[in-house]
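I have placed the structure first, in the form of structure tokens, so that the comments after it can refer back to it.
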Amino acid sequence: MSQPHSAALLVLADGRFPAGGHAHSGGAEWAVTAGRVHDVASLEEFCRGRLHTSGLVAAGLTAAAAAGHDPLLLDEAADARTPAPALRHTARRLGRQLMRAARATWPSAELDALAVARPRGAHQPVVLGLTARSAGLTPLQAAYVAAYESVSGPATATVRLLSLNPFDATGVLARLTADLDAIAAHGAERASQVAAEGVDVLPAASAPLLDLAAERHADRPVRLFAS
């Protein structure tokens, strides 16, 4: 690959990138409804837990896709790590939306091939990794985007859900920077082992409460966010 384009990381991680994430809370809406997230401290606890579970899984898958490993095999690995049907539906829906934005922004034959192979959408981390690869980013940079997205979405959603001070929500993200460093590095390290050990080496951390919450949220007749 060519010299990494660090500025592309800023574009891809920007919440204004039209990838559809603004319509999803990452489980935060259910957590607020259930009373598990009700202030800054509980939001920070929720985000840290999400980062070390689903965020870690996403970072590994994204880094592996950015490294050039078979996206179809990675998509199957993502399916195996996503037991909740509602979350699989959300991941593919987000992947489909990201694919549209990615192909318009950083066109590549690899993105085109995945779009043809998965017309209903591949898992979002896999598409994110290929997007990062098309943008000239390294696997580690791609893992950073995935890890950051896993907490920035819930933090932003909670500002709307609780009328939380946005400065406080940003403070939560700032306090998670050391965790973000660790998760991105861990995900990228595991991705570097895929060639020798296969996709089973990628993180498979579970978050049963998020799985259950996704199913309950999907059945709610009135909700602000899609997930």
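The values are calculated or read from the model by the stated rules, or taken from the named source; none is laboratory data. On a predicted model such as this, the values are computed, not experimentally measured, just so you know. Here the Cβ positions follow ideal geometry from the backbone for every residue, glycine too, while neighbour counts run over all protein chains shown.
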Single residue of Thr158, Thr177 found to be out of contact with any helix residue (DSSP H, G or I) (no Cβ under 7 Å at 6 or more places or on another chain) and among the β-branched types (Val, Ile, Thr): Thr177
Flag if Pro203 is under 22 Å from Ala91 (Cα atoms) and modelled with pLDDT under 95: no
Val37 in contact (Cβ under 8 Å) with a residue 40 or more places away in the chain, of a type in the set (Val, Ile, Thr), closer than 26 Å to Pro208 by Cα and out of contact with any Cys (no Cβ under 6 Å at 6 or more places or on another chain): yes
Only one of Leu12, Leu51 that is at pLDDT below 90, closer than 28 Å to Arg103 by Cα and either touching a helix residue (DSSP H, G or I) at 6+ places or on another chain (Cβ under 7 Å) or among the β-branched types (Val, Ile, Thr) (or both): Leu12
The one condition in (1) part of a helix (DSSP H, G or I); (2) touching a Ser or Thr at 6+ places or on another chain (Cβ under 8 Å); (3) at pLDDT below 95 that Arg160 fails to fulfil: (2)
Residues of region 164-181 classified as surrounded by 15 or more Cβ atoms within 10 Å (Cβ to Cβ) and among the charged types (D, E, K, R), total: 2
Residues satisfying the stated conditions in region 55-74, i.e. assigned to a helix (DSSP H, G or I) and either among the β-branched types (Val, Ile, Thr) or surrounded by fewer than 24 Cβ atoms within 10 Å (Cβ to Cβ) (or both): Val57, Thr62, Leu72, Leu73
Residue check for Ala113: farther than 23 Å from Val151 by Cβ and assigned to a helix (DSSP H, G or I): yes
Qualifying positions in region 62-75 - in contact (Cβ under 8 Å) with a residue 24 or more places away in the chain and more than 15 Å from the chain's Cα centre (by Cα): Ala67, Gly68, His69, Pro71, Leu72, Leu73
Single residue of Ala213, Ala196 found to be over 24 Å from Ala8 (Cα atoms), in contact (Cβ under 8 Å) with a residue 40 or more places away in the chain and small (Gly, Ala, Ser): Ala213
Residue check for Leu140: surrounded by fewer than 22 Cβ atoms within 10 Å (Cβ to Cβ), modelled with pLDDT of 95 or more and of a type in the set (A, V, I, L, M): yes
Index of the failed condition, Gly15 passing every other in (1) under 17 Å from the mean Cα position of the chain (by Cα); (2) surrounded by 15 or more Cβ atoms within 10 Å (Cβ to Cβ); (3) small (Gly, Ala, Ser): (2)
Selection from region 143-163 of residues that are hydrophobic (A, V, I, L, M, F, W, C) and either within 15 Å of the chain's Cα centre (by Cα) or buried (at least 24 other Cβ atoms within 10 Å of the Cβ) (or both): Ala143, Val145, Ala146, Ala147, Val151, Ala155, Ala157
